[in-house]
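Everything on this sheet refers to the single structure shown next.
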Amino acid sequence: MSKLGSLGARLHRGEVGYDFVGNRKIWYGISILITITAILGLTVRGLNMGIEFRGGAVFTTPKHMTTSVATAEGYAHDASGHEAIVQKLGDGSLRIQIAGIDTDKSDAIKDKLAKDLSVNSENINADLVGPSWGDQIANKAWQGLAIFMILVVVYLAIAFEWRMAVAALVALIHDITITTGIYALVGFEVTPGTVIGLLTILGYSLYDTVVVFDSLKEQTKDITKQTRWTYSDVANRSINSTLMRSINTTVVALLPVAGLLFIGGGFLGAGVLNDISLSLFVGLAAGAYSSIFIATPLVADLKEREPQMKALKKRVLAKRAQAAAQGEPVEPEAVDGVHDDEREDAAHAVVGPRNQPASRNRGRGRPSGKRR
């Protein structure tokens, strides 16, 4: 077995682990800083909305044009008075996109472009997008996002509990804010493909979060019947047991998206791929981060406000303090260093009753080293 596979198995069994929940204030602080940066980007620079949202015209020239992209951009600016986006297609034709213009002036702009490019105006194809149609597209996008959020909250509240639904909603809003903030900072154009990418990464982020929540729900059955682990301890175990799965699925998903973004959009110059690939790349990374560092720690915070969980935490800490005062091995809050028989006891205590009751004095008087 490879080192990475061995580490994943040890994480799943609880032999090693990192205290994600214990260090949640660090992750909250990092997320707040990233979110503030994204909001500042949205406020200062704003989103570069595409022609589908702002309205305008798209002119396609005949094939095998010798005019460069930079020259065509200058011609389009002179003809319309607006900045233009020009792309050279595979057949040699030019796609000239001018947003924010009055469609009534499209014929005059088309004639001026034809004169500058030395082609017949009848050979230039013009596709017009009115601003009212763009408003409809934007409204539909917001409606789809709102419906998606409502269905997510309702499903999680029924399948798990309302605290997990709230935590998942916060994580989704976190992912959307970061992704849109990156779009504002980078200046990529927002198109319907971008909206599709956003909805796609929300589904992925939710999947990753539900995997951890399902493990947490299973491990916290009858948790109040034991005094070995607090809710935060079990939440931390759930994150560690699914950590390698989250990392592997994220890496596998990011590799083809990175190919679209950096190779297709960068080296090959297929700019239309940037619309969806950037939202997928940033959103997938943010979704994996939020499911591990935001959603589950937030559930632990909300859950431990309950009177039952407060009482449980008090009993667990009192037991550990008593064991420390008597010079006995203290039950760890994290999973590091837990012996196999101790881990088995804890698992049965958390998941359900043991088939055979264990002695309360089990392990007392034994050395803290490896048990035989």
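THR227 - would you say it is among the hydroxyl-bearing types (Ser, Thr, Tyr), surrounded by fewer than 21 Cβ atoms within 10 Å (Cβ to Cβ) and assigned to a helix (DSSP H, G or I)?
no
Which condition does LEU199 not pass, out of (1) over 24 Å from THR250 (Cα atoms); (2) under 22 Å from the mean Cα position of the chain (by Cα), if it passes all the others?
(1)
Working only within the stretch 254-273, note down all residues that are open to solvent by less than 30 Å² (accessible area, probe 1.4 Å) and either under 19 Å from the mean Cα position of the chain (by Cα) or modelled with pLDDT of 75 or more (or both). Steps first, answer last, please.
Our first condition is that a residue be open to solvent by less than 30 Å² (accessible area, probe 1.4 Å); within the stretch 254-273, this holds for 257-259, 261, 264-265, 271.
If the condition is that a residue be open to solvent by less than 30 Å² (accessible area, probe 1.4 Å) and either under 19 Å from the mean Cα position of the chain (by Cα) or modelled with pLDDT of 75 or more (or both), then VAL257, ALA258, GLY259, LEU261 are the ones that fit.
One residue is enough: does the stretch 152-169 have a residue meeting the conditions within 20 Å of LEU278 (Cα to Cα), over 12 Å from the mean Cα position of the chain (by Cα) and part of a helix (DSSP H, G or I)?
Kept after step one, since they are within 20 Å of LEU278 (Cα to Cα), are these residues of the stretch 152-169: none.
Scanning the stretch 152-169 turns up no residue that is within 20 Å of LEU278 (Cα to Cα), over 12 Å from the mean Cα position of the chain (by Cα) and part of a helix (DSSP H, G or I).
Out of the residues in the stretch 47-66 that are open to solvent by 30 Å² or more (accessible area, probe 1.4 Å) and of a type outside the set (Val, Ile, Thr), state the one that is nearest to the chain's Cα centre (by Cα).
LEU47
Exactly one of these conditions fails for ILE124: (1) out of contact with any Pro (no Cβ under 9 Å at 6 or more places or on another chain); (2) open to solvent by less than 20 Å² (accessible area, probe 1.4 Å). Give me its number.
(1)
Looking at (1) touching a Lys or Arg at 6+ places or on another chain (Cβ under 6 Å); (2) crowded, with 23+ Cβ neighbours inside 10 Å; (3) free of Cβ contacts under 8 Å to residues at least 40 places away in the same chain, which is the only condition VAL69 fails?
Condition not satisfied by VAL69: (2).
Being charged (D, E, K, R), in a helix (DSSP H, G or I), open to solvent by 90 Å² or more (accessible area, probe 1.4 Å) and within 18 Å of ILE51 (Cα to Cα) is the requirement here; does LYS140 meet it?
Working: charged (D, E, K, R): yes; in a helix (DSSP H, G or I): yes; open to solvent by 90 Å² or more (accessible area, probe 1.4 Å): yes; within 18 Å of ILE51 (Cα to Cα): yes.
When the stated conditions are applied, LYS140 passes them.
Which residue, of THR43, THR71, THR35, is in a helix (DSSP H, G or I), hydroxyl-bearing (Ser, Thr, Tyr) and in contact with a Ser or Thr (Cβ under 6 Å, 6 or more places away or on another chain)?
The match here is THR35.
Restricting attention to the stretch 75-130, and to residues there that are among the small types (Gly, Ala, Ser) and either assigned to a helix (DSSP H, G or I) or touching a Phe, Trp or Tyr at 6+ places or on another chain (Cβ under 8 Å) (or both), which single residue is nearest to PRO192 (Cα to Cα)?
Filtering the stretch 75-130 for residues that are among the small types (Gly, Ala, Ser) and either assigned to a helix (DSSP H, G or I) or touching a Phe, Trp or Tyr at 6+ places or on another chain (Cβ under 8 Å) (or both), the one nearest to PRO192 (Cα to Cα) comes out as ALA126.
Quick one: ALA38 ticks every box in (1) closer than 30 Å to VAL299 by Cβ; (2) touching a Gly at 6+ places or on another chain (Cβ under 6 Å); (3) at pLDDT below 85 except a single one, so which number is it?
For ALA38, the failing item is (3).
The values are calculated or read from the model by the stated rules, or taken from the named source; none is laboratory data. Since this is a predicted model, take the numbers as computed values, not measurements. For neighbour counting, all protein chains shown are included, and Cβ atoms are generated from backbone atoms with ideal geometry for every residue, glycine included. Remember, those area values only see protein heavy atoms, side chains included, never the ligands or the DNA or RNA. Shrake-Rupley method; radii C 1.70, N 1.55, O 1.52, S 1.80 Å.
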